[in-house]
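The values are calculated or read from the model by the stated rules, or taken from the named source; none is laboratory data. This structure is a prediction, so every number in the text was calculated from the model and none was measured. Cβ placement follows ideal geometry from the backbone for every residue including glycine, while neighbour counts extend to all protein chains displayed.
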Ligand SMILES: N[C@@H](CCC(=O)N[C@@H](CS)C(=O)NCC(=O)O)C(=O)O
């Protein structure tokens, strides 16, 4: 493990504390760096600047937008000790496992396929609340980023953010589906020893992803919101108990 920081971590800025982001994608890599104890410095990037920052770093787009254009995303990470710059959470964590072998392995080789498959099952469950999430997230951004967010999300939903936000019965339906879908994920874990991997794993990529998704919802909805309280009180506060294990990694520096 290095003692001085050679890693620059590019995270998405939002008005949140103690970590100034709401992004589940960047949070999971931040948790990985903190869990591994790898020193790093953060560069905070506003949403509208992500593409320009990624192009400057020379990191690849991680997908395509609806209009077919390359989609640049954060997190991204640059490691001065190896000269490597890369994007995409899974790729970054796989790189950290290899480049810092004395730190806990989050994507053991024999579990990569299974973990990536599990991650694929988590994404649609999370995205089911996205119109509600996107409407609540806007308040966490600077005025310029708010304008950008409204414009890009309206293009994504085919209507303005406020119109896309589920309300009343529709909101209740969306939240109930979220609780049931994530409840199923919880049951998968409960069938084993309460985690996704074996006892000797302190955590895995999938667990950090799940913790990051839940914390992102807590930040965006607000700790005292009706929505978060519903998630937090589910099944004798099972998600709160799960999150308490990862609380120590929800911080800025390693
Ligand atoms: N596959 C990427 C996806 C990352 C991602 O979707 N990041 C979002 C923030 S949570 C982003 O950068 N969005 C840019 C945009 O919406 O323009 C990963 O897992 O790291």
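Please determine whether any residue of the range 76-83 is part of a strand (DSSP E or B), within 16 Å of the chain's Cα centre (by Cα) and more than 9 Å from the ligand (Cβ to nearest atom). Checked against the condition, which is being part of a strand (DSSP E or B), within 16 Å of the chain's Cα centre (by Cα) and more than 9 Å from the ligand (Cβ to nearest atom), the range 76-83 yields at least one hit.
If we only count helices (runs of 4 or more DSSP H) wholly inside the range 112-222, which ones have 2 or more residues that are outside the structural domain of residue 45 (by TED's automatic domain parsing) and over 30 Å from residue 37 (Cα atoms)? Explain how you work it out, then say what you get.
Working: elements: 112-127, 130-137, 143-157, 161-164, 168-191, 205-221.
Hits in the range 112-222: 112-127, 130-137, 143-157, 161-164, 168-191.
The condition of being farther than 30 Å from residue 157 by Cα and modelled with pLDDT of 95 or more holds for only one of 82, 42, that being 42.
Each residue in the range 140-171 was checked for being surrounded by fewer than 16 Cβ atoms within 10 Å (Cβ to Cβ) and within 29 Å of residue 207 (Cβ to Cβ), and 2 pass.
Which ones in the range 8-25 are more than 11 Å from the chain's Cα centre (by Cα) and either closer than 22 Å to residue 56 by Cβ or part of a helix (DSSP H, G or I) (or both)?
Answer for the range 8-25, where residues must be more than 11 Å from the chain's Cα centre (by Cα) and either closer than 22 Å to residue 56 by Cβ or part of a helix (DSSP H, G or I) (or both): 8, 9, 10, 13, 14, 20.
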